[in-house]
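The values are calculated or read from the model by the stated rules, or taken from the named source; none is laboratory data. As the structure is a prediction and not an experimental result, all values here were calculated from the model. Positions of Cβ are generated from backbone atoms using ideal geometry, with glycine treated the same way; all protein chains shown enter the neighbour counts. Ligands, DNA and RNA are stripped out before the accessible areas are found, and what is left, the full protein with its side chains, is counted by its heavy atoms. Shrake-Rupley method; radii C 1.70, N 1.55, O 1.52, S 1.80 Å.
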Amino acid sequence: MTTLTPRKPAVPQPGGIIPAETHPAQDPAWRQLVDTVREAGQYPTRSEAESVTRVVLSALGGHVVGDERVDLARALPEEAARVVASQIPATRPLTAAEFVDSVAARIEGATPATARWDVSSVLSVLPPLVGDELVTRVLAQLPPGYALLFGRAELTPA
């Protein structure tokens with residue numbers, strides 16, 4: 001089986017991430033989230049998985065608004081909630097492809113393919129953590145195409 005993994009570690013670009021005020025490595029729930037992302041994305045180091053997690057959650061935080069954003073932040077570990085909640089809401093919704101491209105722009109050396117891997121590695125671990133009902137509400141708020149990034153089939157009405 002061939003796997004697609006990023007060739008370079010994810011490095012947040014300027015303006016992409018707000019540093020944590022506390023040391024997140026001490027939060028067991030944050031460590032578990034990062035470890036789950038590391039396993040899902042087959043990242044070689046914990047540091048790379050943590051960086052990718054921050055970049056993807058910060059991008060998502062700008063596109064989820066209202067009650068869904070509040071509920072998402074409440075359901076996530078404290079550090080992840082801080083990353084999501086600290087983002088300024090986007091002025092226009094991005095398509096799923098544009099969202100992936102925006103993540104690629106925040107990760108040094110990323111391509112659209114590696115960024116899609118990164119996005120899916122993070123977003124696909126969220127449903128078991130935050131619940132399918134909340135993910136369904138978040139997806140209802142986003143343009144079509146995001147479901148696959150969360151590891152779900154994109155169903156369209158007949």
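Criterion applied to 108, 79 was being farther than 28 Å from residue 153 by Cβ and open to solvent by less than 20 Å² (accessible area, probe 1.4 Å), and the one residue passing it is 79.
One residue stands out among those in segment 111-137 that are over 20 Å from residue 30 (Cα atoms) and of a type in the set (D, E, K, R): the one that is surrounded by the fewest Cβ atoms within 10 Å (Cβ to Cβ), which is 133.
Residue-by-condition table, conditions (1) at pLDDT below 95; (2) under 22 Å from residue 131 (Cα atoms); (3) within 13 Å of the chain's Cα centre (by Cα):
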{"site": "3", "(1), (2), (3)": "yes, no, no"}
{"site": "14", "(1), (2), (3)": "yes, no, no"}
{"site": "38", "(1), (2), (3)": "no, yes, yes"}
{"site": "42", "(1), (2), (3)": "no, no, no"}
{"site": "54", "(1), (2), (3)": "no, yes, yes"}
{"site": "61", "(1), (2), (3)": "no, yes, yes"}
{"site": "111", "(1), (2), (3)": "no, no, no"}
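The number of residues in segment 89-112 being in a loop (DSSP other than H, G, I, E, B) and in contact (Cβ under 8 Å) with a residue 24 or more places away in the chain comes to 8. Check segment 113-126 and report whether any residue there is more than 16 Å from residue 149 (Cα to Cα), over 13 Å from the mean Cα position of the chain (by Cα) and not small (Gly, Ala, Ser). No.
Step by step: first the residues of segment 59-76, then only those that are crowded, with 17+ Cβ neighbours inside 10 Å and free of Cβ contacts under 8 Å to residues at least 40 places away in the same chain, then the one that is nearest to residue 26 (Cα to Cα). Which residue is that? Only one residue fits best here, namely 73.
Among residues of segment 137-153 that are closer than 17 Å to residue 115 by Cβ, none has a beta-carbon under 6 Å from a residue that is among the hydrophobic types (A, V, I, L, M, F, W, C) and surrounded by fewer than 16 Cβ atoms within 10 Å (Cβ to Cβ) at least six positions away or on a different chain.
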